[in-house]
1. Residues in segment 237-244: is at least one touching a residue at least 40 places away in the same chain (Cβ under 8 Å), assigned to a helix (DSSP H, G or I) and within 19 Å of Asn175 (Cβ to Cβ)?
2. Given the condition more than 21 Å from Gly268 (Cα to Cα), open to solvent by 10 Å² or more (accessible area, probe 1.4 Å) and not charged (D, E, K, R), answer yes or no: does some residue in segment 98-107 qualify?
3. Which of the residues spanning segment 62-74 are under 26 Å from Asp226 (Cα atoms), open to solvent by 10 Å² or more (accessible area, probe 1.4 Å) and either of a type in the set (D, E, K, R) or out of contact with any Leu (no Cβ under 8 Å at 6 or more places or on another chain) (or both)?
4. Do you know which residues across segment 287-307 are among the basic types (Lys, Arg) and farther than 15 Å from Ile348 by Cα?
5. Before we move on, is Glu298 of a type in the set (D, E, K, R), within 30 Å of Met200 (Cα to Cα) and assigned to a helix (DSSP H, G or I)?
6. With the checklist (1) more than 20 Å from Ala225 (Cβ to Cβ); (2) touching a residue at least 60 places away in the same chain (Cβ under 8 Å) in hand, flag the one item Glu125 doesn't pass.
7. Has segment 261-275 got at least one residue that is open to solvent by less than 50 Å² (accessible area, probe 1.4 Å), part of a loop (DSSP other than H, G, I, E, B) and not small (Gly, Ala, Ser)?
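The values are calculated or read from the model by the stated rules, or taken from the named source; none is laboratory data. None of these values were measured; they are calculated from a predicted model. Positions of Cβ are generated from backbone atoms using ideal geometry, with glycine treated the same way; all protein chains shown enter the neighbour counts. Only protein heavy atoms, including side chains, enter the accessible area calculation; ligands, DNA and RNA are left aside. Shrake-Rupley method; radii C 1.70, N 1.55, O 1.52, S 1.80 Å.
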Amino acid sequence: MNTFSPVKGETKMLDPVEALETDKMRELERMAIENFRPRGREYDAQSVMPMENIRELHEAGWLRATLPHEWNGMNSNVDSDEDPATFLQGLRMIARGCPGTAHCYQVTNHCGWAVHDLGTEEQHELFLKPMLSEPYLGTFVGSEAKRKHMYMMNTSAKKVDGGYILRGEKNYATNGSALGFAIIFAAIEGVENFLDNHQMLIVTPDMEGVSIDTSWYRPNGMRCADSPVITLNDVFVPDSHVLGAPGDYPRKRWQGKFHLGFTANYLGATEGMYGWYLDYIVNKGKGEAELIQMRTGEMKIKLDAAVSIFHDAIRAYRTKPIVEAELLAMAAKSIAADVAFELSHKIIHAAGSTALFDEFPLSRYLRDLETHVLHAGHDKTAQIIGQSELKQTFDSTLQR
């Protein structure tokens with residue numbers, strides 16, 4: 001097994017390319033293409049959680065990919081000295097079959113990772129232990145209507161004896177209809193600075209005052225990544241459910257750890273669409289057409305370039321200063337999005353209109369990509385990189 005040694009130390013780590021060559025990764029890709037993709041039509045039509053896919057991922061251990069080995073995880077995340085790549089490459093493989101399922105996987109793994117690194121032993125027992133025996137899903141919920149900044153919350157947390165009173169409305173709560181727990185971002189009342197007042201609170205669906213509206217989420221794409229509205233009506237959150245200290249999420253740069261999750265989804269979805277296109281074209285007998293050959297070559301070149309910078313960005317989290325790594329990850333995310341849009345255009349023109357019929361997955365790939373790229377603020381990413389180049393103030397953790 002090949003490894004590389006980062007500048008920051010002597011620890012050997014699994015290279016992103018080598019992470020693709022394991023038996024478990026090949027099996028995950030097979031599962032995504034043969035099982036997840038055929039189910040996508042029904043999930044998309046009904047706009048429901050892909051629970052069969054989720055159960056298969058749980059049984060194979062993938063819903064704990066970011067957790068340490070002692071929690072029966074794979075110890076894979078961009079902070080890992082051992083394996084920064086397997087979690088992200090797994091996300092990419094899942095997205096080849098179903099981008100919505102990949103996003104559900106991404107979000108619950110991020111939640112488990114944060115609870116492990118920031119949480120107490122009691123929180124580990126409450127919110128990580130259930131992940132060992134069932135698909136116990138988490139969600140990060142910062143998004144809300146009329147929010148002015150990623151770290152400035154309208155949702156409020158009022159300190160009272162023994163905990164907080166939480167009030168507000170959150171949206172885009174991925175995994176919401178099958179939720180085990182939600183990490184809610186709120187502003188502590190009476191604290192003005194938006195970093196000092198940013199607090200994470202863990203909420204469960206059975207708490208009094210918590211309601212989940214699953215009818216709201218009806219997007220054009222990513223329809224099975226169910227992301228409803230959560231209303232918090234004077235919810236008492238005990239001190240035992242307070243995750244980390246005020247400001248931990250922005251100050252410890254957690255949002256910047258997630259750039260490559262979006263990159264992996266864009267890239268995997270594009271690869272899934274491209275792989276389907278190749279089979280479709282060959283079966284149609286169009287492979288000998290020179291124009292089709294040229295367009296296919298152009299697509300392959302673009303994909304290879306996007307994969308290369310994705311792998312470099314994974315390595316950068318262990319080999320470069322954190323801001324440089326975040327900026328490279330943002331560049332990888334932006335390039336993956338651009339390649340997704342370019343290949344979408346080329347594929348539909350090369351494949352023809354019949355390829356867009358509902359019986360084929362192509363239209364779902366197209367809609368999932370369009371919706372997901374918009375969700376992560378594609379234009380904002382380029383602006384932040386431009387700010388860094390022009391020596392302006394910037395925050396390379398921001399998504400939108």
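1. yes
2. Checked against the condition, which is being more than 21 Å from Gly268 (Cα to Cα), open to solvent by 10 Å² or more (accessible area, probe 1.4 Å) and not charged (D, E, K, R), segment 98-107 yields no hits at all.
3. Of everything in segment 62-74, just one residue is under 26 Å from Asp226 (Cα atoms), open to solvent by 10 Å² or more (accessible area, probe 1.4 Å) and either of a type in the set (D, E, K, R) or out of contact with any Leu (no Cβ under 8 Å at 6 or more places or on another chain) (or both), namely Arg64.
4. Just the residues of segment 287-307 that are among the basic types (Lys, Arg), to begin with: 295, 300, 302.
Hits for segment 287-307 are Lys300, Lys302.
5. Spelling it out, it is not the case that Glu298 is of a type in the set (D, E, K, R), within 30 Å of Met200 (Cα to Cα) and assigned to a helix (DSSP H, G or I).
6. Glu125 satisfies every listed condition except (2).
7. No, every residue in segment 261-275 fails to be open to solvent by less than 50 Å² (accessible area, probe 1.4 Å), part of a loop (DSSP other than H, G, I, E, B) and not small (Gly, Ala, Ser).
Residue by residue, here is whether (1) closer than 30 Å to Val282 by Cβ; (2) open to solvent by less than 30 Å² (accessible area, probe 1.4 Å); (3) under 21 Å from the mean Cα position of the chain (by Cα) holds:
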position: Thr319; (1), (2), (3): no, no, no
position: Ala331; (1), (2), (3): no, yes, yes
position: Ser334; (1), (2), (3): no, yes, yes
position: Phe341; (1), (2), (3): yes, no, yes
position: His349; (1), (2), (3): yes, no, no
position: Thr354; (1), (2), (3): yes, no, no
position: Glu359; (1), (2), (3): yes, no, no
position: Leu366; (1), (2), (3): yes, no, yes
position: Leu369; (1), (2), (3): yes, yes, yes
